[in-house]
1. Quick one: which of A:Ala51, A:Ala73, A:Ala40, A:Ala90 is among the small types (Gly, Ala, Ser), free of Cβ contacts under 8 Å to residues at least 60 places away in the same chain and within 7 Å of chain B (Cβ to nearest Cβ)?
2. Does B:Glu57 fit the bill of being outside any helix (DSSP H, G or I) and among the charged types (D, E, K, R)?
3. Can we say A:Ser36 is surrounded by fewer than 20 Cβ atoms within 10 Å (Cβ to Cβ) and under 16 Å from B:Leu31 (Cα atoms)?
4. So for region B:68-75 (the condition being in a helix (DSSP H, G or I) and closer than 15 Å to A:Leu14 by Cα), does at least one residue qualify?
5. Given the criterion of a type outside the set (S, T, N, Q), modelled with pLDDT of 90 or more and surrounded by fewer than 17 Cβ atoms within 10 Å (Cβ to Cβ), identify the matching residue among A:Ala62, A:Ala73.
6. Does region B:12-21 contain any residue that is at pLDDT below 90, more than 8 Å from chain A (Cβ to nearest Cβ) and either in a helix (DSSP H, G or I) or within 24 Å of A:Leu29 (Cβ to Cβ) (or both)?
Amino acid sequence: MISVALDIIGALLLILGLVLLTISFVGLLRMHDTYSQLHAQGLATGPGVIALLASSVATEDAGIITFAVLGIAFTVLTSPAAGHAIARAAHNRPDRP
Amino acid sequence: MRTLLLVPALIWLTLLLVAGGLVLLRARDVLQRIIALDLLAVLVIGVLALLSYLRGERYYFDAAVALALLSFVATVAAARYLESGGPFE
């Protein structure tokens, strides 16, 4: 019973992650400004990969889920910092186009 | 969840990876290249995670977490380099 529920939750999270990554990619293709591209890319590096890693609940393997939680925590910490660093570099770099 | 969903997901992620390489090649600006490279690292993390689910091995996840660390450091270093014009300024 709980295994089936975990399977369904994992499949939904996996599909959500793939959809988010695809949306982010289409955004990256369609936008031409650096800030807009960064906005589109933040969807993949934040929620997209978090949903993809969270779908590890369906594996019911303690080791894999532990590493997935580690990866999620790390992504939550670093993805906004990386985006901010890129935006800052775009804002005040010496040879701004 | 086993192979019925994981194999198409892996194929889709691989297609996204190839297209991401094309975006990386046709970027006009250094910052756009950094952004595309960050996205590529995320896609590779996803591929490694899906491989780990598919095979039931946890070694792939070691590589995924290490790649997340490396990609963060590389992105911040490249952005800082571009911002200041030198690595140690």
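1. Working: A:Ala51 fails: within 7 Å of chain B (Cβ to nearest Cβ); A:Ala73 fails: within 7 Å of chain B (Cβ to nearest Cβ); A:Ala40 fails: within 7 Å of chain B (Cβ to nearest Cβ).
After applying the criteria, what remains is A:Ala90.
2. Values: outside any helix (DSSP H, G or I): yes; among the charged types (D, E, K, R): yes.
For B:Glu57, the condition - outside any helix (DSSP H, G or I) and among the charged types (D, E, K, R) - is met.
3. Numbers: surrounded by fewer than 20 Cβ atoms within 10 Å (Cβ to Cβ): yes; under 16 Å from B:Leu31 (Cα atoms): yes.
Answer is yes for this residue.
4. Within region B:68-75, the subset in a helix (DSSP H, G or I) is B:68-75.
Remaining after also requiring closer than 15 Å to A:Leu14 by Cα: none.
No; the residues of region B:68-75 include none that is in a helix (DSSP H, G or I) and closer than 15 Å to A:Leu14 by Cα.
5. Working: A:Ala62 fails: modelled with pLDDT of 90 or more.
The match here is A:Ala73.
6. no
The values are calculated or read from the model by the stated rules, or taken from the named source; none is laboratory data. Nothing here was measured: the structure is a model prediction, and the numbers come from that model. Heads up, the Cβs are rebuilt from the backbone with ideal geometry, glycines too, and the neighbour counts pull from every protein chain shown.
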